[in-house]
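Encoded as C-alpha cells, the structure appears first; notes follow it.
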Amino acid sequence: MALDNRSAVPLYAQLRNVLKREIQQGKYTEKLPTEPELMEAYSISRTTVREAVSALVREGVLQKIQGKGTFITSRTTNVWMGVLISLTEIIESMGMKPGIKLLTYGPGRDPKIASILGADTYYCVERLRLGDGKPIAVERTHYPLDVGQKLVQYDLNEITLYDALEKEGIIFDSAEQRITAGMPSDVDADLLDISRTASVIAAERVTYDPAGVIVGYNATTFRADRYTFYVRMYRRSDQRFSL
C-alpha cells in the first residue's frame, strides 16, 4: 500500500496505521520487516520508519529487542487501555469480522454534549457495531460541525470513522476515557439483543488533536459478555502514590 505524500496526515502516522492494520490482518505474526525493508517498500526515510515503529511500541503493539529486531507483542482478544484505536480495529484484533449498521446521522443539540465539544450544534453518528454478525456495541460518536460535515460524502455503514477523518486531515492524537458498569436502556437492550437486567460496559471518550483541541466525543455501550478491557500498569521508583 503506497503512502500519500499529499495527505495532511503525516507519513509516519500513515505508516503506523498501515502496519497496525497488516498486523491485525495477520500479514506479520511474529516479527516486523527491518528498517531498510520498510524504507524500500514504502519509499520513505529511516526517520519516518522509526517514528511509526516507536508509536506502535508505545501502544504496546510492537516490542523492540536489541540486536534481534522488532517483534509483534501478541494478537490478544482483549482490549488494552492506553491504545487509541478504532472499534473496527479492535473487533478485527479479536479475530472477528467487523460489521456496521448505521442508526442515525445528523446534527445534535444535547446541552451536555454541546458543552463537552464547546459548540452549540454538532454532528452525531449512531451505529450498531457487530462482530461476526452479532451485536457487540452501540456506538454514538459526536463531532464539532466542521469535523462532522467531512463525513457527509462517506457511506457510514462501511467506513472506519478514524480512517475517514484522517484522510480529511483530522489527526487524532490522544484521548481521555471513562469506563463504568451499568444496565442498558430499553433501546440499547433491544439493539444489543440482551435482557434489560443484563450488565453492560459504558465507555465515554473525549479525543484531542495534537494541539489539544477536542475533535470528538464518543459514548459507547458494550455487551459485557463479549467485551473485556485490560490495563497494563507499572510501578516506578520515582512515582509514589498513597490513598
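The values are calculated or read from the model by the stated rules, or taken from the named source; none is laboratory data. Treat the numbers as computed from the prediction; the structure is a model and nothing was measured. Positions of Cβ are generated from backbone atoms using ideal geometry, with glycine treated the same way; all protein chains shown enter the neighbour counts.
Could you list, in sequence order, the residues of the range 157-184 that are part of a loop (DSSP other than H, G, I, E, B), under 26 Å from L19 (Cβ atoms) and not aromatic (F, W, Y)? Within the range 157-184, E158, I159, T160, E168, G169, I170, I171, D173 qualify.
Residues in the range 31-41: is at least one touching a helix residue (DSSP H, G or I) at 6+ places or on another chain (Cβ under 7 Å), modelled with pLDDT of 90 or more and farther than 15 Å from F71 by Cβ? Taking every residue of the range 31-41 in turn, at least one turns out to be touching a helix residue (DSSP H, G or I) at 6+ places or on another chain (Cβ under 7 Å), modelled with pLDDT of 90 or more and farther than 15 Å from F71 by Cβ. Just wondering, is there one or more residues in the range 185-194 that are within 19 Å of C124 (Cβ to Cβ), part of a strand (DSSP E or B) and at pLDDT 90 or above? Looking through the range 185-194, none of the residues is within 19 Å of C124 (Cβ to Cβ), part of a strand (DSSP E or B) and at pLDDT 90 or above. Just one residue in the set D155, D163 is without any contact (Cβ under 8 Å) to a residue 12 or more places away in the chain and either assigned by TED's automatic domain parsing to the domain that holds V187 or closer than 25 Å to M96 by Cα (or both); that residue is D155.
Within this structure, K112 passes the test of being assigned by TED's automatic domain parsing to the domain that holds A175, free of Cβ contacts under 8 Å to residues at least 12 places away in the same chain and over 13 Å from L161 (Cβ atoms).
Considering the range 23-72, and only residues there that are surrounded by 16 or more Cβ atoms within 10 Å (Cβ to Cβ) and aromatic (F, W, Y), the residue that is nearest to the chain's Cα centre (by Cα) turns out to be Y28. When the criteria are applied in full, T88 fails the requirement of being assigned by TED's automatic domain parsing to the domain that holds V152, at pLDDT 75 or above, in contact with a Gly (Cβ under 8 Å, 6 or more places away or on another chain) and within 27 Å of D173 (Cβ to Cβ). When A198 is tested against the conditions (1) part of a loop (DSSP other than H, G, I, E, B); (2) in contact (Cβ under 8 Å) with a residue 40 or more places away in the chain; (3) of a type outside the set (S, T, N, Q), the lone failure is (2). Please verify whether I100 is out of contact with any Gly (no Cβ under 6 Å at 6 or more places or on another chain), assigned by TED's automatic domain parsing to the domain that holds T207 and either assigned to a helix (DSSP H, G or I) or modelled with pLDDT under 75 (or both), treating the condition exactly as stated. No; evaluated as a whole, the condition is false for this residue.
Only residues that are more than 16 Å from the chain's Cα centre (by Cα) and either among the polar types (S, T, N, Q) or under 14 Å from A219 (Cα atoms) (or both): list them for the range 109-125, please.
Looking only at the range 109-125, we keep the residues that are more than 16 Å from the chain's Cα centre (by Cα), and these are 109-124.
D110, K112, I113, A114, S115, I116, L117, T121, Y123, C124, listed by residue number.
The residues of the range 168-200 that are among the basic types (K, R) and in contact with a helix residue (DSSP H, G or I) (Cβ under 9 Å, 6 or more places away or on another chain) amount to a single one, R196.
Count of the range 130-153 residues, restricted to those that are at pLDDT 90 or above and crowded, with 16+ Cβ neighbours inside 10 Å, is 15.
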